[in-house]
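In what follows, a structure is listed as structure tokens, so that the remarks can point back to it.
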Amino acid sequence: MGKQKILNAMQVDPWKITMLTDDIGIFTEKGGTIAFHCSKDGITVVDAQFPDTAPHLIAELKKRKDQPFRLLINTHHHGDHTSGNIAFKGLTDRVLAHENSLANQKRVAIANKNEDKQYYPNQIFGKEWHEDIGKEKVGLYYYGAAHTNGDAIIHFKHANIAHVGDLVFNRRHPFVDRSAGANMQSWINVLDAAMKNFDNKTIFICGHSGDKYEVKGSKEILLSFRQYLENVLKLVDNQINAGKSKEEILKSTEIPGSPEWKGDGIERPLTAAYEELTNA
Ligand SMILES: [Zn+2]
Ligand SMILES: [Zn+2]
């Protein structure tokens with residue numbers, strides 16, 4: 001009995017699909033959360049995780065729905081959101097992202113000498129993109145520099161569900177990719193603009209969350225992360241003004257006002273805030 005139980009536990013798939021409506025769901029396994037929308041006009045997928053995890057979603061969608069893949073969208077260029085693009089080659093000939101996301105993906109792939117492993121966006125947008133897919137109206141929005149300089153929000157208007165990619169780390173210390181144009185002060189403005197554009201009924205999906213926290217939620221996850229960013233900047237600014245060195249600032253173990261952000265990685269936003277505030 002005991003042995004069989006262990007065996008069963010080991011056979012459980014490491015990935016998880018959660019349906020938010022009849023047509024829209026999220027897939028989590030490793031890296032950034034994937035969202036998908038099924039319709040008679042084809043399946044739309046937002047983000048692609050990794051080459052070894054994307055096929056799990058593809059196989060499951062083929063099992064559940066006999067629909068072609070219509071469109072793959074990237075929220076931004078990071079490898080935990082785009083390296084799985086390659087799994088969609090041959091399934092959809094359309095990959096869509098913000099223009100800066102494509103430029104970043106190319107730059108990084110050239111530097112890493114792995115361009116042959118990329119499936120680049122072949123459609124790009126600047127400020128907004130709109131497309132009717134089945135009963136859905138899909139809108140892509142860009143509000144400026146934040147986690148990178150190419151973060152898009154993808155809104156399924158009919159269902160009122162928005163994938164904000166890595167614009168929100170729900171109770172987890174974020175990556176701030178200054179090498180790709182990230183800016184924490186602008187990030188706050190981007191979240192303000194997003195909160196204005198969406199409403200209190202919008203369900204938000206985000207790329208990452210802390211232990212025991214969800215990768216989806218109400219406007220609250222945007223508001224509290226916005227507050228977190230402000231608290232990080234305030235903490236670092238106060239310490240700079242008190243004459244503390246970068247090394248001393250990096251010793252902080254908590255962000256005052258945002259105690260729910262725990263776990264590793266606090267040095268990432270502290271470093272970014274320090275560099276941003278000192279123009280390093
Ligand atoms: Zn990510
Ligand atoms: Zn990212």
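Throughout, read-outs are computed from the coordinates displayed, never taken from laboratory work. Worth saying up front: this structure is predicted, and the values here are computed from it rather than measured. Neighbour counts are summed over all protein chains in view; Cβ atoms, including those assigned to glycine, are modelled from backbone coordinates with ideal geometry.
One residue stands out among those in segment 19-65 that are within 16 Å of ligand 1 (Cβ to nearest atom) and hydroxyl-bearing (Ser, Thr, Tyr): the one that is nearest to the chain's Cα centre (by Cα), which is 33.
Count, please, the residues in segment 204-262 that happen to be under 30 Å from residue 19 (Cα atoms), in contact with a helix residue (DSSP H, G or I) (Cβ under 8 Å, 6 or more places away or on another chain) and among the basic types (Lys, Arg). Total satisfying the criteria: 2. Scanning for something among the small types (Gly, Ala, Ser), part of a strand (DSSP E or B) and within 16 Å of ligand 1 (Cβ to nearest atom), does segment 80-102 turn up at least one residue? Yes, segment 80-102 contains a residue that is among the small types (Gly, Ala, Ser), part of a strand (DSSP E or B) and within 16 Å of ligand 1 (Cβ to nearest atom). Taking strands (runs of 3 or more DSSP E) as the structural unit, those lying wholly within segment 124-181 and holding at least 2 residues that are surrounded by fewer than 20 Cβ atoms within 10 Å (Cβ to Cβ) correspond to 128-133, 136-142.
Of all residues in segment 223-270, those satisfying the criterion of being touching a residue at least 40 places away in the same chain (Cβ under 8 Å), among the β-branched types (Val, Ile, Thr) and assigned to a helix (DSSP H, G or I) are 232, 236.
Taking the criterion of being away from ligand 1 (no atom under 12 Å from the Cβ) and β-branched (Val, Ile, Thr), the residues of segment 130-175 that qualify are 133, 138, 153, 154, 161.
The residues of segment 260-280 that are exposed (fewer than 15 other Cβ atoms within 10 Å of the Cβ), more than 22 Å from the chain's Cα centre (by Cα) and of a type outside the set (Val, Ile, Thr), listed by number, are 279, 280. Starting from residues that are outside any helix (DSSP H, G or I) and surrounded by fewer than 15 Cβ atoms within 10 Å (Cβ to Cβ), keep the ones in segment 183-222 and report whichever is nearest to ligand 2 (Cβ to nearest atom). Among those residues, the one meeting the criterion is 211. When the test is whether a residue is among the hydrophobic types (A, V, I, L, M, F, W, C) and loosely packed, with under 15 Cβ neighbours inside 10 Å, residue 87 does not pass it.
Pairs are defined by a Cβ separation below 7 Å, a sequence spacing of at least 6 or placement on different chains, a first member in segment 158-182 that is under 30 Å from residue 135 (Cβ atoms) and away from ligand 2 (no atom under 12 Å from the Cβ), and a second member that is in a loop (DSSP other than H, G, I, E, B) and hydrophobic (A, V, I, L, M, F, W, C); the pairs so defined are 161/20; 162/198; 170/206; 170/215. Among residues that are closer than 25 Å to residue 102 by Cα, of a type outside the set (S, T, N, Q) and touching a Gly at 6+ places or on another chain (Cβ under 6 Å), residue 190 is included.
Inspect segment 112-135 for any residue being within 14 Å of ligand 2 (Cβ to nearest atom) and over 27 Å from residue 39 (Cα atoms) and give the result as yes or no. Within segment 112-135, not a single residue is within 14 Å of ligand 2 (Cβ to nearest atom) and over 27 Å from residue 39 (Cα atoms).
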